[in-house]
Amino acid sequence: MKHTRPLIVGNWKLNPATIGAAKKLFLGIRTGLGRKRHEVDIAVAPPFPFLPELERLSPSGRISLAAQDVFFETTGAHTGEVSLPMLKSVGVSAVIVGHSERRARGESDHEIYKDVSSIFNSNVTAIVCIGETTRDDNGNYFSVVEAQLRSVLRAVPKSKIKRFVVAYEPVWAIGTGAVATPEDVYEMKLFIQKILTDHFDRKAAAKVRIIYGGSVKKKNAKALLEQGKVDGFLIGGASLKAKEFVDIITIANDYEPTSV
């Protein structure tokens with residue numbers, strides 16, 4: 001049975017401290033993957049200054065490069081910002097948008113919408129992060145997730161839906177060691193799919209990969225795939241350990257869903 005090709009993204013955040021360490025980590029991942037053919041899409045999102053050097057280390061593009069953020073304008077008086085043309089020029093093929101750590105620093109839904117709009121004006125994949133800060137007994141966190149998702153959907157052309165990835169990352173599980181149960185993750189995936197179906201249609205919604213982020217490790221990856229039925233992961237801390245990251249990729253590669 002044909003199933004969605006998993007996507008595994010390593011978000012390095014503000015790590016490592018030097019280009020030398022970044023190259024060592026990247027080469028460790030590349031070596032760990034070996035020459036075996038993987039039925040998984042793999043990307044890493046290093047800090048901006050490291051992108052050009054890492055592009056040189058992946059001439060085949062087997063490990064693609066993602067950016068941790070983007071600014072919606074292409075040029076101009078915007079000190080400290082990085083545009084999509086700049087990112088594309090150093091090999092970036094995907095951009096993480098709306099990560100909870102950036103939302104916490106004041107990035108608004110409208111700014112995220114403008115970022116996503118700029119991405120879909122180019123041949124780049126948008127990985128849009130959504131997720132609740134806390135969970136409550138009344139299920140109000142669903143409305144938080146829905147609002148975040150709906151705020152960007154009008155920027156997503158149906159004709160380019162395959163380049164739209166939703167990363168569900170419950171904020172309370174990021175970097176805390178806590179992780180949503182596979183059942184909770186599956187429930188949220190179904191909820192996200194319903195919103196996508198309402199906005200587009202069922203056939204289009206099925207093309208959107210819904211991945212999970214939040215303390216993903218080798219020990220919980222298989223359960224999140226099997227019971228959570230996610231289409232991959234956005235990985236923070238574990239992506240800074242080459243062997244752990246490769247082990248998670250291997251688990252995703254070997255995973256055969258029994259149903260879609």
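Give the stretch 201-229 a look and list any residue that's over 12 Å from Glu169 (Cβ atoms), touching a Lys or Arg at 6+ places or on another chain (Cβ under 6 Å) and among the hydrophobic types (A, V, I, L, M, F, W, C), or say none.
Ala204
Keeping to the stretch 43-86, report how many residues are under 24 Å from Lys24 (Cβ atoms), touching a Phe, Trp or Tyr at 6+ places or on another chain (Cβ under 8 Å) and without any contact (Cβ under 8 Å) to a residue 24 or more places away in the chain.
Within the stretch 43-86, residues that are under 24 Å from Lys24 (Cβ atoms), touching a Phe, Trp or Tyr at 6+ places or on another chain (Cβ under 8 Å) and without any contact (Cβ under 8 Å) to a residue 24 or more places away in the chain number 0.
Of the residues that sit in the stretch 97-154 and are closer than 22 Å to Ile42 by Cα and part of a helix (DSSP H, G or I), which one is nearest to the chain's Cα centre (by Cα)? Outline the logic, then answer.
First pass over the stretch 97-154, keeping only residues closer than 22 Å to Ile42 by Cα: 97-100, 116, 119-120, 122-130.
Checking the rest, the ones that are also part of a helix (DSSP H, G or I) come to 100, 116, 119-120.
Values: Ser100: 12, Val116: 13, Ile119: 14, Phe120: 16 Å.
The residue in question is Ser100.
Among residues belonging to the stretch 48-72 that are modelled with pLDDT under 95 and in contact with a Ser or Thr (Cβ under 9 Å, 6 or more places away or on another chain), point out the one that is surrounded by the most Cβ atoms within 10 Å (Cβ to Cβ). Steps first, answer last, please.
Narrowing the stretch 48-72 to residues modelled with pLDDT under 95: 58-62.
From what is left, the residues that are in contact with a Ser or Thr (Cβ under 9 Å, 6 or more places away or on another chain) are 58, 61.
Details: Ser58: 18, Gly61: 10.
Among those residues, the one meeting the criterion is Ser58.
Would it be correct to say that Glu39 is within 19 Å of the chain's Cα centre (by Cα), loosely packed, with under 15 Cβ neighbours inside 10 Å and assigned to a loop (DSSP other than H, G, I, E, B)?
Numbers: within 19 Å of the chain's Cα centre (by Cα): yes; loosely packed, with under 15 Cβ neighbours inside 10 Å: yes; assigned to a loop (DSSP other than H, G, I, E, B): yes.
For Glu39, the condition - within 19 Å of the chain's Cα centre (by Cα), loosely packed, with under 15 Cβ neighbours inside 10 Å and assigned to a loop (DSSP other than H, G, I, E, B) - is met.
Being in contact with a Phe, Trp or Tyr (Cβ under 7 Å, 6 or more places away or on another chain) and either free of Cβ contacts under 8 Å to residues at least 12 places away in the same chain or more than 15 Å from Arg5 (Cα to Cα) (or both) is the filter here, so list the residues in the stretch 225-260 that pass it.
Across the stretch 225-260, the qualifying residues are Gln227, Gly228, Ile235, Ala238, Ser239, Leu240.
Residues that are modelled with pLDDT of 95 or more, surrounded by fewer than 16 Cβ atoms within 10 Å (Cβ to Cβ) and at negative phi: does the stretch 89-98 have at least one?
yes
The values are calculated or read from the model by the stated rules, or taken from the named source; none is laboratory data. If you're wondering where the values come from, they're calculated on a predicted model, not measured in any experiment. Please note: Cβ atoms are built from the backbone with ideal geometry, for glycine as well, and neighbour counts cover all protein chains shown.
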